[in-house]
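J.: Following this message is one structure expressed as structure tokens.
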Amino acid sequence: MVLNAAHADTPDVHAAAAVPAARTAAPTQPIMRLDGVGVVYPNGTTALRPTDLDLADGEMTVLLGPSGAGKSTLLRSLNLLVAPTQGTVRSRDIGALSSRALVRRHRRDTAMIFQQHQLIGRLTAMHNVLTSRLGRHSSWRTMLGFSAAERRLALDCLDRVGLFEKALVRCDNLSGGQQQRVGIARALAQEPKMILADEPVASLDPTASRRVLSVLRTICKEDRIAVVVSLHQLEYAREFADRIVGLAQGAIVFDGPPPALDPPTLARIYGTPA
Ligand SMILES: Nc1ncnc2c1ncn2[C@@H]1O[C@H](COP(=O)(O)OP(=O)(O)O)[C@@H](O)[C@H]1O
Ligand SMILES: [Mg+2]
């Protein structure tokens, strides 16, 4: 379906839903590949030992591990917010992310969701969602405003996270869970091929946490986007992941579906006796 600016006054909130889904053509190659990627921080901390990891479209991967295990480091190496000190990060569409220009391109296709959703409180939900479009056009275009199609896309994204009614509400008047869902809508409006979420439910109550994770899972499946979420709660990992990657002391100690995560493996991840 083509977005039609002529219908700007009567937004068809479902029109834009076809956009992300139509872009992915069921490829078999992994969307991302880490090849021997390791991270040693400048102070000498080894945060990630040399790691191989493939990610697939439409797969919800949870990076599970206690605080300090290396979840954020691994997650951030996927969009090079953390620079690996060894190994290669490859994207299926771009190849090895070996230059700043390639990294910039990769980041346009990769949305990031943080624990603190990093919204602008005094702006509406809609306006916050639209900020994700800034990477797609020049600052001059930005000053001229967003197109009708972009505004419709933003509304559609808010609708998909259950916040259509809150589009014009200032973000500082929304609950923590609603704010995190605005963060997801903003990520969606970027039309990403991959979504990285670093402890997105760390500050939410169980009901809001489940809602956020379930929205992420639905997006992952409907749009066939690769979604990688770091969590420290085993319970949520079991409930929402297709695949759990268990980390302990900067190394992957488990990689498989939730039912395969047995007590001895859990003990390796959490460092407690089974
Ligand atoms: N910028 C940094 N400089 C030095 N050490 C860091 C930095 N960020 C994280 N670390 C250390 O790297 C290890 C892994 O951290 P991190 O990836 O944040 O783990 P997690 O997200 O699982 O809590 C920890 O020992 C942490 O203290
Ligand atoms: Mg972390």
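J.: In the list 141, 151, which residue meets the criterion of being in contact with a helix residue (DSSP H, G or I) (Cβ under 8 Å, 6 or more places away or on another chain) and either part of a helix (DSSP H, G or I) or at pLDDT 95 or above (or both)?
T.: When all the criteria are applied, what remains is 151.
J.: Which residues, taken from the range 61-93, are within 13 Å of ligand 2 (Cβ to nearest atom) and among the charged types (D, E, K, R)?
T.: 71, 76
J.: Collect the residues in the range 196-243 that are in a strand (DSSP E or B) and either without any contact (Cβ under 8 Å) to a residue 12 or more places away in the chain or within 16 Å of ligand 2 (Cβ to nearest atom) (or both), keeping them in residue-number order.
T.: The answer is 196, 197, 198, 228, 229, 230, 231.
J.: Can you tell me which residue is farthest from ligand 1 (Cβ to nearest atom) among those in the range 190-247 that are of a type in the set (Asp, Glu) and on the phi > 0 side of the Ramachandran plot?
T.: 191
J.: Continuing with the same structure: Taking the residues in the range 262-274 that are free of Cβ contacts under 8 Å to residues at least 40 places away in the same chain and not in a helix (DSSP H, G or I) as candidates, determine which candidate is nearest to residue 66 (Cα to Cα).
T.: Among those residues, the one meeting the criterion is 272.
J.: Quick test of your reading of the structure: residue 121 fulfils all but one of (1) within 16 Å of ligand 1 (Cβ to nearest atom); (2) touching a strand residue (DSSP E or B) at 6+ places or on another chain (Cβ under 9 Å). Name the failing condition by number.
T.: (1)
J.: Just checking: which of the strands (runs of 3 or more DSSP E) contained wholly in the range 39-100 hold 2 or more residues that are near ligand 1 (Cβ under 8 Å from one of its atoms)?
T.: The qualifying strands (runs of 3 or more DSSP E) are 46-55.
J.: Out of the residues in the range 160-184 meeting the condition of being assigned to a helix (DSSP H, G or I), of a type in the set (D, E, K, R) and over 18 Å from the mean Cα position of the chain (by Cα), tell me which one is surrounded by the most Cβ atoms within 10 Å (Cβ to Cβ).
T.: Taking the candidates together, the pick is 166.
J.: When the range 57-82 is examined, which residues are found to be crowded, with 17+ Cβ neighbours inside 10 Å, within 16 Å of the chain's Cα centre (by Cα) and among the aliphatic types (A, V, I, L, M)?
T.: Selection gives 60, 62, 63, 64, 74, 75, 78, 80, 82.
The values are calculated or read from the model by the stated rules, or taken from the named source; none is laboratory data. The structure presented is a predicted model; accordingly, all values stated were derived computationally and were not measured. Counting neighbours? That spans all protein chains shown, and the Cβs are built from the backbone with ideal geometry, glycine included.
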